[in-house]
1. Given segment A:106-186 reduced to its alpha-carbon atoms as identical point scatterers, what log10 I(q)/I(0) does the Debye formula return at q = 0.20, 0.23 Å⁻¹?
2. Trypsin sites (Lys or Arg not before Pro), restricted to segment A:4-62: which are DSSP loop and have at most 10 other Cβ atoms within 10 Å?
3. Take the Cβ-Cβ distance between B:Arg177 and B:Arg316 as r, set R0 to 35 Å, and report the resulting FRET efficiency rounded to the nearest 0.05.
4. Roughly what % of Cα-Cα distances in chain A sit above 36 Å, to the whole percent?
5. Show log10 I(q)/I(0) for segment B:261-313 at q = 0.24 Å⁻¹, two decimals, from a solvent-free Debye sum over equal Cα scatterers.
6. Work out, step by step, the length gained on full extension between B:Ala296 and B:Ser83: first 0.36 nm times the residue separation, then minus their alpha carbon distance; give nm to one decimal.
7. Would you kindly state the longest site-free stretch of chain A, with sites defined as GluC sites (Glu not before Pro) in a DSSP loop (not H, G, I, E, B) surrounded by at most 15 other Cβ atoms within 10 Å?
8. What FRET efficiency would be calculated for the residue pair B:Leu70, A:Trp105, taking the C-beta separation as r and a Förster radius of 45 Å, to the nearest 0.05?
Amino acid sequence: MSSAPLLRRILHGRGIWPAVPALAYLFVFLALPMLTLLAFGFVTIDRGRIVADTWTLGYLKAALADDLVWRLMWRSFWVAAVSSVLTLLLAYPVAYLFAEAKGIWRTLILVAVVSPLLTSALVRAYAWIVILGGRRGLVNQTLLSLGLIEQPLRILNTDWAVLIGMTQIHLPFMILPLLAVLAERDRRLEEASLNLGASQTGTFFRVVVPMSVPAIFAGLALVFAVSYTNFIVPQLLGGGSYSTLAVQVYEQTIVVLDWTRGAVLATILLSTCFAFVLAIVAFGNRLARWNEAAA
Amino acid sequence: MSHIALQDIAKSFGPVRVLDGCSVAVNKGTVMTLLGPSGCGKTTLLRTLAGFVEPDGGRVVVGGRDITDLPPNRRQVGYVFQSYALFPHLDVAANVAYGLRVRRVGQAETQARVRKALDLVSLSAFADRYPARLSGGQQQRVAIARALVLEPEVLLLDEPFNALDAKLRLSMQIELRKLIERVGITSIFVTHDQQEAMTLSDRVAVMRAGRIEQVGAPIDIYDRPRTAYVAAFIGRANVLPIDIRGGRVAIDPAIAAARADGAAWLVVRPENLAIENAGEGPGWHGTVAFATPQGATIEYEIAISLAEPLRVVALRKVGEPPAAVGSPVRVRAIDPAACVVLEEGPDGV
Ligand SMILES: Nc1ncnc2c1ncn2[C@@H]1O[C@H](COP(=O)(O)OP(=O)(O)OP(=O)(O)O)[C@@H](O)[C@H]1O
Ligand SMILES: [Mg+2]
């Protein structure tokens, strides 16, 4: 009896009601497992069983007192931050080119941007090993045979390799939001700017770029989040001794099987990631206050 | 010597010929209005002058200098866009200041000039609002201020007043006219509103399908339209098929026609027609179909033997009832000299 009005509300209601099935789904299959996982960091686990009545903040406090955790977090942060900025610098020209292109060229650019998403990040990371790795890697072989260098460059297993890999792999996440905004932009505004005496370059920096600030920051937030939590690229391209917070979560949980420490580090990883993303979004909104007026 | 000269401008978008040998000349410090139906190429012509459209043929000359190949940012031609094109990421003051900033005008001077420009369009109270928070009419005024603040020698306005209410429209028209005279701006101005064209312009160019059909002082065009199209576009007009016999219009020999005998067309303004009692005599015979008192005047529609009724506007006298609907009447031209005889009728018939 009582389910009928509920069903009717879900099907025909306003506000949040139509979203209820999706929210319920997300709660059961995303929020609950995640909370369970994180909760492992606040109990004692003995031989795969939770010991009753052992709720404690001790593990978290211990992790926060650990210098290593802070060093890992710092590396996670700067790698993600630098690669987000690099992604932006590479993505903007591509998105701009797409917006200027016509017909078949647009399709080609779009396919080129999206198709890497169809291969796994793991495969792409391995591809970078082939390109950057050792004396026989593509880069070194080319430079050596051109006589530009005498000794092979050491790129693989350094910060550089991690940055290069992350930037390339996450490029689509930056290009896609920019594409939409740059392609749909109102060209009259650029005409108005030219008419008022600004040069093409001046118009680009005074009109086109500011107007795309919301998309820029959406892309930065997205790329930062996926870079900050990526553990495959640092592991494969950074080498065996290279570690970040995300790599540690993986190793503690999968290799060392210390679920408590893994869960504590995951809690730290997720909450700091959330805080950084919020900060990026807040800064973007501040820069684009006009956008609120338009909404 | 004209300040702006558009010579034989041609432009096609794909197979569509939008401008077809269009020539306009505007004298320094005067206002030229482009009048024409939607899609006849008015905006395209202005965009050619501003440098946004590259013409397929023809020259654009401003101040004796050929600027056909000059990029838009080096033309010094003010432009008020039909769609306003305000920068959404800048507030009103920054929008108006844009051109001054680009020119690296000093901070103090920029502020003073922006304030003056905003005063002119009565928007000083809105200086720190974003365009999205303005009404259509306010946005339009910002667009005008943004162009005027640079005091351009040439100003192009594409339907700049269409979003304003009647009262504001009139005061803006007067303000703009004063400013144009004071600064000596040469302007071209697009409108659909022939009343506005009459008030604001020194000369009017009537456009039709990418060509200029007639150019002249507004009153001259009103009095002496060269085609039925122009007659119908400027003010209201009866365009009637007539026969000419012996240099006179057959149906009303009071009207002279310096043309060979045969079929022709007559343009008569509604206020140049008078209703007389029915009966034998020259003029158009018909019955009153509608009578609408409008205050100072009465508008009649007289059904005659043509598809279109005759329109007559008569002065109304207080206490005198209008001619009864259905009553037979005879209509004659009041001033035969004010009638215009044309070879071709509407749509080149
Ligand atoms: N960039 C373009 N590409 C293709 N066709 C265009 C382009 N610009 C204008 N046209 C066409 O040219 C014709 C004239 O357009 P224009 O904007 O000059 O008309 P208008 O006289 O200003 O009309 P309105 O009074 O409605 O503003 C229209 O048929 C329009 O569809
Ligand atoms: Mg137009």
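Please treat every number below as a calculation from the coordinates, not as lab data. None of the values given here were measured: they were computed from a predicted structure. A quick note on method: Cβ atoms are made from the backbone with ideal geometry, for glycine too, and the neighbour counts reach across all protein chains shown.
1. Result of the Debye calculation: -0.91, -1.03.
2. Counting only loop positions with at most 10 other Cβ atoms within 10 Å, the trypsin sites (Lys or Arg not before Pro) in segment A:4-62 are A:Arg14, A:Arg47.
3. Working: r = 32 Å, r/R0 = 0.91.
For R0 = 35 Å, the calculated efficiency reads 0.65.
4. On the way: 15466 of 43365 pairs.
Cα-Cα pairs in chain A separated by more than 36 Å: 36 percent.
5. For segment B:261-313 at q = 0.24 Å⁻¹, log10 I(q)/I(0) is -1.07.
6. Working: separation 213, 0.36 × 213 = 76.68 nm, distance 3.71 nm.
Extra length from B:Ala296 to B:Ser83 when fully extended: 73.0 nm.
7. Working: sites that count: A:Glu150, A:Glu184.
It runs A:1-149.
8. Working: r = 29 Å, r/R0 = 0.65.
Efficiency at R0 = 45 Å is approximately 0.95.
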